[in-house]
Structures are given as C-alpha cells and as structure tokens.
1. Using the Karplus curve 6.51 cos²θ - 1.76 cosθ + 1.60 with θ = phi - 60°, what ³J(HN,Hα) values do you get for each residue of region 61-72, in whole Hz, with x for Gly and Pro?
2. Could you work out the local net charge near K159, counting Lys and Arg as +1, Asp and Glu as -1, over the other residues with Cβ closer than 14 Å to its Cβ?
3. Assign unit charges at the C-beta atoms only (+1 for Lys and Arg, -1 for Asp and Glu), then state the dipole size of the chain relative to its Cα centre in Debye, rounded to the nearest 20.
4. Residues with amide H under 5 Å of G79's amide H, sequence separation 5 or more or different chain, H placed in the peptide plane at 1.01 Å from N; which?
5. Using just the helices of the chain, give the 222 nm mean residue ellipticity in deg cm²/dmol: DSSP H runs with n ≥ 4 each add -39,500 (n - 2.57), and the total is spread over all residues, rounded to 500.
6. Under 1.5 on a/c is rounded, so check that first for region 71-206, then, if it is not, pick prolate when a/b is larger than b/c and oblate when it is not; a ≥ b ≥ c are the square roots of the alpha carbon gyration tensor eigenvalues.
7. Starting at the first residue of region 238-250, write each ³J(HN,Hα) from the Karplus equation 6.51 cos²θ - 1.76 cosθ + 1.60 with θ = phi - 60°, in whole Hz, x for Gly and Pro.
8. Using amide H atoms built in the peptide plane, which far-off residues or other-chain residues are under 5 Å from G33 H to H?
Amino acid sequence: MASSKRVILAEDVKLLMSQVAGHTHDKEKSTPGMLKHKDGNILKPLLKPVQAKTEIEFYEGIATSPHAALLSFVPKYYGIGSITLQSFRGEVLILEDVSANFQKPCIMDIKIGRQTWDPYAPPSKRESEEKKYMECKRDLGFCIPGFQVYEPESWQLTKFDKKYGKSLNQKTIRNAFSTFLNLDKKENAACIIEEFISQLKRIFNIISQQISLHLYSSSILLMYDCAQLGSNIEPAVWAHVRMIDFAHTFTGDSHDKGPDKNYLHGLENLIQVLSGLKS
Ligand SMILES: O=P(O)(O)O[C@@H]1[C@@H](OP(=O)(O)O)[C@H](OP(=O)(O)O)[C@H](O)[C@H](OP(=O)(O)O)[C@H]1OP(=O)(O)O
Ligand SMILES: Nc1ncnc2c1ncn2[C@@H]1O[C@H](COP(=O)(O)OP(=O)(O)O)[C@@H](O)[C@H]1O
C-alpha cells in the first residue's frame, strides 16, 4: 500500500490556518484538522479506514493510471506519515500545499456533483447528504462548503463557512463568487475568471475522456493571490484550479463504466456560472 511512512513530530506541525472546509479540529473526538508541517507540506489526518485506503490508492496510482493527465491539477503526494498529537495517534497523508506560493491566498472549496454520497454509502449517509446544500446541489450540481478572501486594500481576511454555503441557492451563488473574486473592489479582478475557466475546461476535457474514474464528494479549489490583483504578471502564475479530496473516488472496474456524468454536470455548471460573471 503506502510507499513510505515518515514519523512526524508534533512540534513540527501546526493547524493549517488557510483551511476553508472539511474536517476541522474536534476537541470531543480528539481529532486534528488539516495540519501544516514546518517543511511547508500539508498533512491530512486519515480519520476513517475505508476512506483513507481509497485516498491513498488514488494518490499512489494516479501517475500510472489512464487519468495521469490530471496530475498537474492534483496536489503532489509525498507518502504517509504517522503522528501522535495530544490524544490523536494516527496516520496522515503528506501533500503539497497548493497555495504555498501565494502571499494572500484567496481560496474557495467547491464540492462537485449533485450526488455527494458514494454508491456504497449507507442509507443514513445518503439521507444526510441529500439534505445538505440542497438547492445548490439540485439546481447547479455543486456547492460551496467554504472560502476565504482578502480585501485588496486593507488585506483584511474574511472566512465564509459551511453555514453560509448551505444558505446559498442558484440566485445568490453569484454573490458568493463576486465576494470571493473581489469583483466590486478591483477592476481587473475579472481577468482571473478567464484563467479559472480555462483550467476548469482542461479538467473537464480530461474527465470526459475517462470511463473508469468516478469522483464523489470531491472538491475543486479555486485559488488566487490577492497580493497580485492589479499586477501585470499573467494570471496563470497567481490563479490556480486544483482538485482535492479523493476519499470517495472509484478508479477501477469496481464501479460503473462510462464518463462521470455527476462530476461533469457540476463542472459544466461551475464554468457557466463563472462565465456569467463576466457580463
Ligand atoms: O464528520 P462530520 O460530522 O463533520 O461530517 C462531515 C460533514 O460535515 P457536516 O455534517 O456538514 O457538519 C461534511 O459536510 P460538508 O460538506 O463539510 O458540509 C461532509 O459531508 C463529510 O462527509 P465526507 O467526508 O465528504 O464523506 C462529513 O463527514 P462524515 O459523514 O464522513 O463523518
Ligand atoms: N493540498 C492542499 N493544499 C492546500 N490546502 C488544502 C490542501 N488539501 C486540502 N486543503 C484545505 O483543507 C480543506 C479540507 O480538505 P479535504 O481534503 O477536503 O478534507 P476533508 O476530507 O476533511 O473534507 C480544503 O477545503 C482546503 O482548505
């Protein structure tokens, strides 16, 4: 399974301050949220055995898989670590921090797909997932569990959590993107939209050519460096799209064959919503 296992020292890590969604530090369960190692990498705690196995297999297999073309959109993978952190003792995925080069990282987590439970999920999980982000998932095929944005003049940081994401619908989603992109604050903010759309289309094309890759509850991170808004450096350098969270991903023959319609539908709508912001 894992190609390497490194012992991670508790004193070398801290909580990832730029985490915008997903499992956070939970005192009652004694589980940490996403961590940042002093070497710059991200550590993702592996909290559930089946999901851990799925995500490890995805990262370990992608380079030699038929969807290796996605590699440039996926965080680099550096193996598995083991850590004892207060009362948590377990394993972590060691990943590239995909916003590491940004001075003022604006990051939005967008969960793709109308169906966010995997086909083997128990009915209780399916029911709880169906109730969350209902309007966005039903009408758009994606939802926004969280984002953070810097204000370009003051560089004040604001975080929007899943409560805000769950309040959004097809009409108000535009406000969320407008806030995230600082559209009413910086005239040239719209140039990032083109960059995001172009990268999303590349992901769309790769996934539409796949028949054995199916992603459930996986996210797209839209990211840009607020410190570069207004600069004349090309947006490709400071606006990136990345794919994360492969805990419910199917890559082999164990699942239906055919393109991942659930994921592609969400991506298509995301591209459409972003395109609508340009007008
Ligand atoms: O672990 P929890 O209780 O925070 O639940 C997670 C959800 O948080 P919420 O219920 O909205 O507070 C979380 O929901 P969000 O999308 O973050 O709102 C996910 O559904 C997560 O499922 P998975 O890891 O994608 O399978 C959920 O994880 P599990 O259902 O796998 O536990
Ligand atoms: N490789 C990464 N680089 C930077 N930030 C990341 C990376 N992976 C995850 N994150 C941050 O952590 C959050 C949760 O990640 P995710 O893998 O979805 O965890 P979970 O399985 O708990 O939902 C993301 O919304 C993002 O803010």
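1. Listing the rounded values in order: x, 4, 4, 10, 9, x, 9, 4, 4, 7, 3, 6 Hz.
2. Numbers: positive: K104, K162, K163; negative: D109, E151, D161.
Charge balance near K159 sits at 0.
3. Values: 35 positive and 32 negative charges, 114 e Å.
Here the size comes out at about 540 debye.
4. When sequence neighbours closer than 5 places are left aside, the close amide H contacts are I94.
5. Details: 8 runs with 83 residues, N = 279.
Mean residue ellipticity, 222 nm, calculated: -9000 deg cm²/dmol.
6. Details: a/c = 1.56, a/b = 1.14, b/c = 1.36.
The shape class here is oblate.
7. 10, 9, 10, 10, 9, 9, 9, 6, 10, 6, 10, 10, 10
8. Result for G33 returns H25, D26.
All of the numbers you see were taken from the coordinates with simple rules; none came from a lab. The shown structure was predicted, so the numbers you read here are calculated from the model rather than taken from an experiment. Counting neighbours? That spans all protein chains shown, and the Cβs are built from the backbone with ideal geometry, glycine included.
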